[in-house]
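Peer 1: Shown below is the structure under consideration.
Every number here is computed from the coordinates shown, using simple stated rules; none is lab data. Computed from a predicted structure; not experimentally measured. Glycine gets a Cβ as well: all are built from the backbone with ideal geometry, and neighbour counts include every protein chain shown.
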Amino acid sequence: MTLVEESRERAIEAFWILNDIGGDLIGATRAFEYFETPNFKGGATDRVLRIFNRMADSFLFVTLAKWIEFYDRYHVLIPPDARPICESLRNELDKRGVREFRNTVIGHIWSKKHSRPLLPNEIEILARKITKGDSKEFLKWINDPNNNQLGETIVGTTEFVRDAIKRKWSLSEQELFLN
């Protein structure tokens, strides 16, 4: 694995990555809210609802895997006071099987372990491990608009680190959004 060194260029990269991760986490968690609205449910069969939920779950899990990768490569840029929280989050995501899901389910139909197609119940078991079997609490752990703070939610932690990097390196809007 290649670690990055502290530099202005790496700080800009880190900001972009965290900005995308945060936005993707917010968008995906909000999608679940939309799936519960009468407008969406009114025209959707149970099968369609399952498909959309599975799609949003997969997107969340991939984005959380990106968070692990961000930490592994850019942790030197994370402010020292936030680094233990970020490391703990990274380890929790790994413990829940986020990378395992990405590596065995996302983009795959075949179980290398069993030399056969992945079975729906195997995919469900991996997804439940990530969510701890409680989708509502899982989504709140990722994004709680009423409490997105460092260490409280993944979005809060992501935004804190992104903004701290921007402050430390005095990154301008022009640098961040025109490159």
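Peer 1: Which of HIS114, HIS108 has the fewest other C-beta atoms within 10 Å, and how do the rest follow up to the most?
Peer 2: HIS114, HIS108
Peer 1: Highest GNM mean-square fluctuation, the chain, Cα pairs closer than 10 Å: which of ALA44, ALA65, ALA82?
Peer 2: Sorting by GNM fluctuation, first place goes to ALA44.
Peer 1: While we're looking at this one, here's another question. For a Förster distance of 35 Å, can you work out the FRET efficiency between the beta-carbons of GLU33 and SER170, rounded to the nearest 0.05?
Peer 2: 0.45
Peer 1: In addition: When the helices in the chain are scored as -39500 (n - 2.57) per DSSP H run of 4 or longer and the sum is shared across all residues, what 222 nm value do you end up with, to the nearest 500 deg cm²/dmol?
Peer 2: Per the formula, -22000 deg cm²/dmol.
Peer 1: Turning to a different aspect of this structure: Most fluctuating residue of SER115, SER58, SER88 in a GNM of the chain with Cα springs under 10 Å: which is it?
Peer 2: Comparing SER115, SER58, SER88 in a Gaussian network model of the chain, the most mobile one is SER115.
Peer 1: List the residues, sorted by chain then number, that are 5 or more residues from SER111 or on another chain and whose placed amide H is less than 5 Å from its amide H.
Peer 2: Counting only residues 5 or more places away or on other chains, the set is ARG116, LEU118.
Peer 1: Give a residue-ordered list of calculated ³J(HN,Hα) values for segment 31-40 (Karplus: 6.51 cos²θ - 1.76 cosθ + 1.60, θ = phi - 60°; whole Hz; x for Gly, Pro).
Peer 2: Here the 3J(HN,Hα) series is 4, 4, 4, 5, 4, 8, 6, x, 4, 6 Hz.
Peer 1: Magnitude of the Cβ-charge dipole of segment 38-162, K/R +1 and D/E -1, about the Cα centre, nearest 20 debye?
Peer 2: Using Cβ point charges on Lys, Arg, Asp and Glu, segment 38-162 gives about 520 debye.
Peer 1: Using a 10 angstrom cutoff on alpha carbons, build the Gaussian network for the chain and name the most mobile of LEU139, LEU49, LEU126.
Peer 2: Of LEU139, LEU49, LEU126, the most mobile in the Gaussian network model is LEU49.
Peer 1: For segment 163-174, what does the Karplus curve 6.51 cos²θ - 1.76 cosθ + 1.60, with θ = phi - 60°, yield as ³J(HN,Hα) per residue in whole Hz, taken in order and with x for Gly and Pro?
Peer 2: Whole-Hz 3J(HN,Hα) from phi for segment 163-174: 5, 5, 5, 4, 5, 4, 9, 6, 6, 8, 4, 4.
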